[in-house]
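Report on the following structure.
The values are calculated or read from the model by the stated rules, or taken from the named source; none is laboratory data. Bear in mind the structure is a predicted one, so any value in this text is a computation, not a measurement. Backbone-built Cβ (ideal geometry, glycine too); neighbour counts: all protein chains shown. Accessible surface is based on the protein model in full, side chains and every heavy atom, while ligands, DNA and RNA are left aside. Shrake-Rupley method; radii C 1.70, N 1.55, O 1.52, S 1.80 Å.
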Amino acid sequence: MDELYAFLFAGLFILLMLCVFFGGSWNVPHTHNQNMSVEKLNWKIIEFGNIALKEQKLEKKEVLENNFGIKNGIFFGKVSYKRKFEIEDYILKNLKNATLSFSVKATNNYGELYIVLNNETIFKNRALLGDYRLNINPRRENVVEFGTSSSGWKIWAPSVYNISNLSIEMDYSFKEIPRYTFFIPEYIYKNLDKCELLFDFISADEEFNITLNNQTEYSGMPETRVKVVPLKNIKEGKNLISFSSTGEMKLENVKLRLFYY
């Protein structure tokens with residue numbers, strides 16, 4: 001019996017020593033179910049380069065006729081010259097000066113040379129040999145007519161004029177509005193976070209406008225050199241952005257920046 005107790009106490013002592021040297025609390029493992037995924041933001045750059053809005057002074061010369069003759073006499077009949085010509089709307093809108101030029105290559109000066117533009121006489125006189133320039137006020141559609149008065153009592157010959165190099169010369173100014181077309185794919189548009197226009201402002205003598213798809217996105221005069229303009233009217237597919245002003249302006253490093261997921 002004593003041996004039984006001895007073994008029992010020995011076993012209890014061994015368990016006690018194990019708890020002292022190797023014991024501790026037991027923790028039950030658990031899982032943490034928090035979603036840690038984060039969407040990555042991408043970007044795309046569309047370069048437009050440098051943009052300048054400046055008035056250009058241009059000239060246009062159109063030869064209406066190389067050579068023709070007119071005459072008028074009692075026994076020789078009357079031969080006149082008539083020509084229609086048109087002027088483009090954009091030239092007419094920006095026209096500064098217009099002249100009708102021609103050369104008299106031969107004449108007997110038996111009568112007066114007359115020129116009628118749009119039913120208004122712009123020249124009526126005896127014309128010597130030489131070159132002529134007449135200031136005119138043309139319309140979109142014009143009719144010019146050359147004729148001569150009769151030789152009168154000089155019945156042996158008609159009044160004669162031979163004309164060459166009939167031309168119209170126009171001076172006009174033209175300010176072309178910078179327009180740019182760009183394309184936004186479906187995958188970018190559907191995941192678009194924001195769109196903005198960046199540029200370095202160089203100079204402008206008037207406020208200028210930035211229009212996207214016929215909607216004004218910016219109107220004013222930048223106060224800083226680097227300007228960022230948020231664009232709201234972006235659309236999927238084809239887009240049109242334009243820059244306009246009543247004055248002149250210059251921008252550099254113009255680019256479109258799109259952020260999307």
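For the range 189-203, the condition of being touching an Asp or Glu at 6+ places or on another chain (Cβ under 7 Å), more than 30 Å from LEU134 (Cβ to Cβ), among the β-branched types (Val, Ile, Thr) and open to solvent by 30 Å² or more (accessible area, probe 1.4 Å) holds for at least one residue. For THR121, the conditions (1) farther than 30 Å from GLU206 by Cβ; (2) modelled with pLDDT under 95 all hold with the exception of (2). What are the residues in the range 218-247 that are open to solvent by 70 Å² or more (accessible area, probe 1.4 Å) and either part of a loop (DSSP other than H, G, I, E, B) or among the charged types (D, E, K, R) (or both), if any? Within the range 218-247, MET221, GLU223, THR224, ARG225, LYS232, LYS235, GLU236, LYS238, THR246 qualify. Close contacts from the range 227-240, counting a first residue that is within 16 Å of LYS255 (Cβ to Cβ) and a second that is among the hydroxyl-bearing types (Ser, Thr, Tyr) and surrounded by 14 or more Cβ atoms within 10 Å (Cβ to Cβ), with Cβ to Cβ under 6 Å and a gap of 6+ residues or different chains, come to VAL229/TYR218. Checked across the range 205-212, the condition of being among the hydroxyl-bearing types (Ser, Thr, Tyr), closer than 26 Å to LYS238 by Cα, at pLDDT 95 or above and surrounded by 15 or more Cβ atoms within 10 Å (Cβ to Cβ) holds for at least one residue.
Considered as a group, the residues in the range 68-84 that are basic (Lys, Arg) and at pLDDT 95 or above include one that is surrounded by the most Cβ atoms within 10 Å (Cβ to Cβ), and that residue is LYS71. Of all residues in the range 190-223, those being closer than 19 Å to GLY49 by Cα and among the hydroxyl-bearing types (Ser, Thr, Tyr) number 3. Taken over the range 79-121, the criterion of being more than 42 Å from the chain's Cα centre (by Cα), in a strand (DSSP E or B) and polar (S, T, N, Q) is satisfied by THR107 alone.
Listed conditions (1) within 28 Å of the chain's Cα centre (by Cα); (2) surrounded by 12 or more Cβ atoms within 10 Å (Cβ to Cβ); (3) polar (S, T, N, Q) are all met by THR181, apart from (2).
Here is a list: LEU92, LEU100, LEU53. Which entry is of a type in the set (A, V, I, L, M) and open to solvent by 50 Å² or more (accessible area, probe 1.4 Å)?
Selected residue: LEU92, the only one of LEU92, LEU100, LEU53 that is of a type in the set (A, V, I, L, M) and open to solvent by 50 Å² or more (accessible area, probe 1.4 Å).
The residues of the range 249-261 that are open to solvent by 10 Å² or more (accessible area, probe 1.4 Å) and either touching a strand residue (DSSP E or B) at 6+ places or on another chain (Cβ under 6 Å) or among the aliphatic types (A, V, I, L, M) (or both), listed by number, are LYS250, GLU252, ASN253, LYS255, ARG257, PHE259, TYR260. The sole residue among LEU16, LEU8, LEU58 that is out of contact with any helix residue (DSSP H, G or I) (no Cβ under 8 Å at 6 or more places or on another chain), modelled with pLDDT under 95, part of a strand (DSSP E or B) and surrounded by 10 or more Cβ atoms within 10 Å (Cβ to Cβ) is LEU58.
A search for C-beta distances below 6 Å between a residue of the range 188-203 that is over 16 Å from GLU47 (Cβ atoms) and any residue that is open to solvent by 60 Å² or more (accessible area, probe 1.4 Å) and not in a strand (DSSP E or B), counting only pairs 6+ apart in sequence or on different chains, returns TYR189/GLU236; ASN191/TYR261; PHE201/ARG225.
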